[in-house]
Amino acid sequence: MKRRIHISKINENTAVCFDTGLDPRAFARTKMSQSLVEKGYVVSPDGSHEVWKAAGVSETNGLMRVWGPMFAGERLDLLIEDTDSVVKDSSLTQQNALGAVVSWIRAKMFLGETQTALNPGAAFVSKNGVFFAPEHLSNRCLFIEGIELDRFNCPDLLGFDAAAFCAGLMLYKILSKSHPYPTAEIYQDMREGIFLPVHLAAPELNKKLSDLIQAALYLPVEKKRTSKSGADILTEFLGILMNAKGECVDISSVFTPMSSDKKIQAEKEKKSYLFRQNSITGTKRFVMRNKHLMIGMGLGFLFVLFVVFSMTRSNSQRPTTAGMSSDTVIFAYYDAFSSLNHTFMESCIMGADRSDINAAASFFAVVKARQAYEFSSEARIIPARVWLELGGQLPAPDVFGVTNLTTVQLAGSEYEDMIIYRAEYLLWSPMDDYARSRTDVLTLRKDRRKNWRITEILRTER
């Protein structure tokens, strides 16, 4: 991979170079020339520091390169990446990376609140000190180099808190050989504290150092943040990782070997934790991403439940022919017809002709409409039976219903599944000036609840 921040020769002199990847026109349009006055810093081991500024711009292969005073050192991000190598000596690369991070932390502490680039790719480390490249310029180069600028930094933190978080993350990576935030949702993981705890990622790591790294990674998480500030954490890192001579300790000193059984147990605990965390986090984020859809589905489900409940309740409250004998069903049917009780008529019918029900429902609708229109609660249709009991005087323009009803059983019995009756009656209607004489042959059968219901009506009229 081509490194956009590197050491190269300019006019026979060695310099720190920043390849912007921009042609002269794009360089001017994006105002990258302002990077020439952007400050970098070189921090010496004794704590003294000096400002670094770009010395010039040159064109190389048609692209603009910013360069400045030489600093002989190695890029911190590359030292950390070396810990993943299976070719190089693992303990040596870890030791080199650890020493570089310790130097980086010291330099940050020496600079205090002075703002410098946090990304490890913008820092060069050597025995002679640490070089922090200009932030804007280095970020431009790292971006086109393909370096993920957010892998070691949380955008929600500032000052020592930001530096402590970055230091904790680098130490986690070096000592556990894994990144705490491997997913694409890295910002969200940082803010929610979603990572494998240090004691599971590196079970043999010194507990005090393990807890300190954990505290650093919890700095962006309000609910999990400890009482330690970023400055406290950086100071304690140096207290653990530096010896009395001011040098980085041997990396082996921060680990305590574990027995095979404990290693196996730690690995089981790690797998169990990851499974739980992935399940909970995955479910939580799925819900958050789809909350509007799920709210809609929930409301839809509640609506369906309401409809089903209403229908069930309505069905449970509907009248039935339970407990009635077959002839009682017939008398109740014609009485309901006279009183326009089409709901009860429905309960008497099971497959028979519905013309009576339709007629009763139509008259019922007419009555209700007239009551609403005339603002009156008086019934405008008089049941024929009531009219007859009151004397039955003619003409009868508002009378409707059945009178003179007689029934004769033709076949079957109450103990069989079918019974047939003949019903003879007079039908009075506001539509006619006289009563119609009807003869109905009704077949009744028992439904699944053993209630008698009318299954067929054969009618003759004169």
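So in the range 73-113, with the set limited to residues that are farther than 24 Å from Ile251 by Cβ and more than 40 Å from the chain's Cα centre (by Cα), which one is modelled with the lowest pLDDT?
My answer is Gly112.
Find all pairs meeting these conditions: Cβ atoms under 7 angstrom apart; at least six residues apart or on different chains; first residue within the range 16-41 and within 18 Å of Phe71 (Cα to Cα) and in a loop (DSSP other than H, G, I, E, B); second residue of a type in the set (Val, Ile, Thr) and at pLDDT 85 or above.
Lys39/Val51
What is the number of the single condition among (1) crowded, with 23+ Cβ neighbours inside 10 Å; (2) without any contact (Cβ under 8 Å) to a residue 12 or more places away in the chain that Leu175 does not meet?
Only one criterion is unmet by Leu175, namely (2).
Does Val130 satisfy the condition of being among the β-branched types (Val, Ile, Thr), assigned by TED's automatic domain parsing to the domain that holds Thr20 and buried (at least 18 other Cβ atoms within 10 Å of the Cβ)?
yes
Output yes when any residue across the range 417-435 is in a loop (DSSP other than H, G, I, E, B), closer than 18 Å to Val329 by Cα and in contact with a Lys or Arg (Cβ under 9 Å, 6 or more places away or on another chain), and no when none is.
Yes; the residues of the range 417-435 include at least one that is in a loop (DSSP other than H, G, I, E, B), closer than 18 Å to Val329 by Cα and in contact with a Lys or Arg (Cβ under 9 Å, 6 or more places away or on another chain).
Filtering the range 333-361 down to residues that are among the hydrophobic types (A, V, I, L, M, F, W, C) and modelled with pLDDT under 90, which residue is nearest to Thr320 (Cα to Cα)?
Result: Leu340.
Looking at the range 42-66, which of the residues that are of a type in the set (A, V, I, L, M, F, W, C) and part of a loop (DSSP other than H, G, I, E, B) is surrounded by the fewest Cβ atoms within 10 Å (Cβ to Cβ)?
Within the range 42-66, the match that is surrounded by the fewest Cβ atoms within 10 Å (Cβ to Cβ) is Ala55.
Step by step: first the residues of the range 439-458, then only those that are assigned to a strand (DSSP E or B) and free of Cβ contacts under 8 Å to residues at least 24 places away in the same chain, then the one that is surrounded by the most Cβ atoms within 10 Å (Cβ to Cβ). Which residue is that?
Per the stated criteria, the residue is Asp440.
Does Ile264 qualify as being in contact (Cβ under 8 Å) with a residue 24 or more places away in the chain, surrounded by 11 or more Cβ atoms within 10 Å (Cβ to Cβ) and in a helix (DSSP H, G or I)?
no
Considering Lys228, Lys224, Lys245, which residue is of a type in the set (Lys, Arg) and closer than 24 Å to Thr114 by Cβ?
The match here is Lys228.
Just to verify a result, which residue in the range 104-116, among those that are touching a residue at least 60 places away in the same chain (Cβ under 8 Å) and over 15 Å from Thr235 (Cβ atoms), is surrounded by the most Cβ atoms within 10 Å (Cβ to Cβ)?
Looking at residues that are touching a residue at least 60 places away in the same chain (Cβ under 8 Å) and over 15 Å from Thr235 (Cβ atoms), I get Thr116.
The values are calculated or read from the model by the stated rules, or taken from the named source; none is laboratory data. Keep in mind that what you see is a predicted model, and the values were worked out from it rather than measured. Here Cβ is always computed from backbone atoms with ideal geometry, including for glycine, and neighbour counts include all displayed protein chains.
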